[in-house]
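The values are calculated or read from the model by the stated rules, or taken from the named source; none is laboratory data. In this text the structure is predicted, and so the values were computed from the model without any measurement. Using ideal geometry, Cβ is built from the backbone for each residue, glycine included, and neighbour counts are taken over all protein chains shown. With ligands, DNA and RNA removed, areas are computed over all heavy atoms of the protein, side chains included. Shrake-Rupley method; radii C 1.70, N 1.55, O 1.52, S 1.80 Å.
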Amino acid sequence: MLSYENALFTVQVTRKHFFKDKNYSLYLFNDELVMTDDITKQPKYNLKMNLTTTIKWILEEKRIVGFEFSYNNGYKIVYGQKLNLLKEMIAGKIFYQPILSFYQFQMEMGSGMTGSVYRCVAADNANLYYAIKKIDKLKIAQHEGGIPQLVHELSLLSSLSHPNIVKLKETYADNQYYYIIMEYINGRTLYSELSSRQYGLSIVETIKIMRELLEAVSYIHDKGVMHRDINPLNIMKADTVKLIDFGLARKIKNQLNFPTSGTPGYMAPEIINYNKDKQYDEKADIYSLGCLLYKLLTGENLFNTKSAKQTIYHANKDGYFELKKQPQHPEVNSVKMEQLFILLPYMLETDPSNRLSAKICLAIIEEIDNNNQNVDRLIKKILIRKSLNTTTIEEQRSCERISKGKIAKQSIDGISKKSLDELSIFTKKVMVQNQQKVILPHKKQA
Ligand SMILES: Nc1ncnc2c1ncn2[C@@H]1O[C@H](COP(=O)(O)OP(=O)(O)O)[C@@H](O)[C@H]1O
Ligand SMILES: [Mg+2]
């Protein structure tokens, strides 16, 4: 039995009949919407609040006056007041119609495998911009993952709320297309930003971008979600940066298979060499962020086709890279550049269990921003704590201490010989050559 007093929203609605109209009370709950004329009986109509449900809003003079829904292979219409409030409350949970009553398409901003993204304005307010991803139903059905993957993307995105993650507003569907209404980001992709900056971005910009991205990524990782396709095309830069395109995002401990996916040049070794017996996890996103950090600092791709006659995909698959500072970068000799280059190999560690987490990377970058010149020692200390089975909570606390600049005074000299030996497991053989060149010999992938 439903407990009607727990309804999130309630309103009276009417079904118009030829002789006599019929009144129902509409109750909205988290996962269903019911309409009933007698709460002691089974409700007359019941709509699931998930993406298997579509409703069509009925408008008169641009005002919502009712909605149509499918019921027993037919359609029913109810009329009522305050339905615009209902529309806001269930936004993104179910599909709406008709898109053109609410949005005007203006121009295409980008396109991908299954459709295009358009800039749009609200039909009743030409000053309100939105981005709408229009997805061809036939194309997505043929695509790997198909419609279930799209529904997964939408339900994941609607569960996220973070200043550095694109916000999902509503979802629409008609016979031919799905439409994902998102906040409009008035900026450009990092890809386009980087194309006009041959030698990379300044350290200040790089640190700001990385901090914001790491905030977003540790937020999704905490929620058990990984993005799986972090690359410059899926990051928009406006006043702040925002992570977009959750088309490949997944629950970390999930039921669906994890096929190989991502963008060549930004893929973690465990994804590119995926095998069914070995599941991967959110650490794959850190590897992509490492590839991105290198690109931001140098303007160069970590994996390129220059040295060998191979594609980026193969270079990425082989997992061989060199970390070289960009001699043309105006800040090439700065302390912060040095410290960021010390962090890089820890993000690009082949073995995901040795790769730093988003929270630790964030704490380290904050330290670099605060002029800490001992990032190497700091990371090693954290890794020692980790190897000595420090719990996650303690790990988090140490992060908090680091980010508040209150690193415990006990020096690394106080650490036992045994833990220093353990340390060597993690220590990168980073060789500094010619003041400006850091080369990291990297294990070849099997
Ligand atoms: N919310 C948005 N605001 C502005 N532009 C966007 C937005 N979302 C996407 N875009 C643009 O559309 C392009 C494709 O979007 P994306 O979600 O990455 O789709 P795809 O699955 O096709 O890669 C982006 O690279 C960007 O240029
Ligand atoms: Mg994309």
- Message: Given axes a ≥ b ≥ c from the Cα gyration tensor, I'd like to know whether the stretch 276-360 is rounded (a/c under 1.5), prolate (a/b larger than b/c) or oblate.
- Response: oblate
- Starting from the Cα gyration tensor of the stretch 141-285, take the square roots of the eigenvalues, sort them a ≥ b ≥ c, and report rounded, prolate or oblate (rounded when a/c is under 1.5, otherwise prolate if a/b is larger than b/c, else oblate). oblate
- Task: With a 1.4 Å probe and every protein chain left in place, work out the accessible area per residue of the stretch 180-326 in Å², rounded to a whole number.
- Result: 41
- Item | Distance in nm between pseudo-label sites at residue 253 and residue 192 (7 Å out along the Cβ direction from Cα) | 4.1
- Taking r as the C-beta separation of residue 121 and residue 388 and R0 as 60 Å, the FRET efficiency to the nearest 0.05 is 0.55
- Query: Packing-wise, with mean Cβ within 10 Å as the measure, how do 25-34, 57-66 rank, highest first?
  - Reply: 25-34, 57-66
- Query: Peptides 134-140, 243-249: what's the order by average Cβ count within 10 Å, highest mean first?
  - Reply: 243-249, 134-140
- Message: Calculate log10 I(q)/I(0) of the stretch 218-326 for q = 0.12, 0.17 Å⁻¹, where I(q) comes from the Debye formula with a single equal point scatterer on each Cα and nothing for solvent.
- Response: -0.43, -0.83
- Query: In nm, to one decimal, how far is the modelled label at residue 19 from the one at residue 333, with both set 7 Å along Cα→Cβ?
  - Reply: 9.6
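Among the listed pairs 133/169; 48/82; 76/134; 167/242; 133/208, which have their C-alpha atoms separated by more than 18 angstrom in this model? Kindly include the intermediate steps, with their values, before the conclusion.
Numbers: 133/169 12 Å; 48/82 20 Å; 76/134 27 Å; 167/242 9 Å; 133/208 28 Å.
Listed pairs above 18 Å: 48/82; 76/134; 133/208.
Compute the signed sum of charges (Lys and Arg +1, Asp and Glu -1) over the other residues within less than 15 Å, Cβ to Cβ, of residue 32.
Values: positive: 44, 48, 93; negative: 31.
Every neighbour counted, the sum reads +2.
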- Message: No solvent, one uniform scatterer per C-alpha: report log10 I(q)/I(0) for the stretch 8-160 via the Debye equation at q = 0.14, 0.21 1/Å, two decimals.
- Response: -0.82, -1.45
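With a 10 Å radius around each residue's Cβ, average the other Cβ atoms per peptide and rank 1-10, 264-273, highest first. Write down the numbers at each step before the final one.
Numbers: 1-10: 11.7, 264-273: 22.1.
Going by the mean number of other Cβ atoms within 10 Å, highest first, we get 264-273, 1-10.
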- Over the stretch 19-152, with neighbouring protein chains present, the accessible area per residue in Å² at probe 1.4 Å is 58
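Which of the three applies to the stretch 90-189, rounded, prolate or oblate, going by the alpha-carbon gyration tensor with a ≥ b ≥ c and a/c under 1.5 meaning rounded?
On the way: a/c = 1.39, a/b = 1.26, b/c = 1.11.
Here the stretch 90-189 falls in the rounded category.
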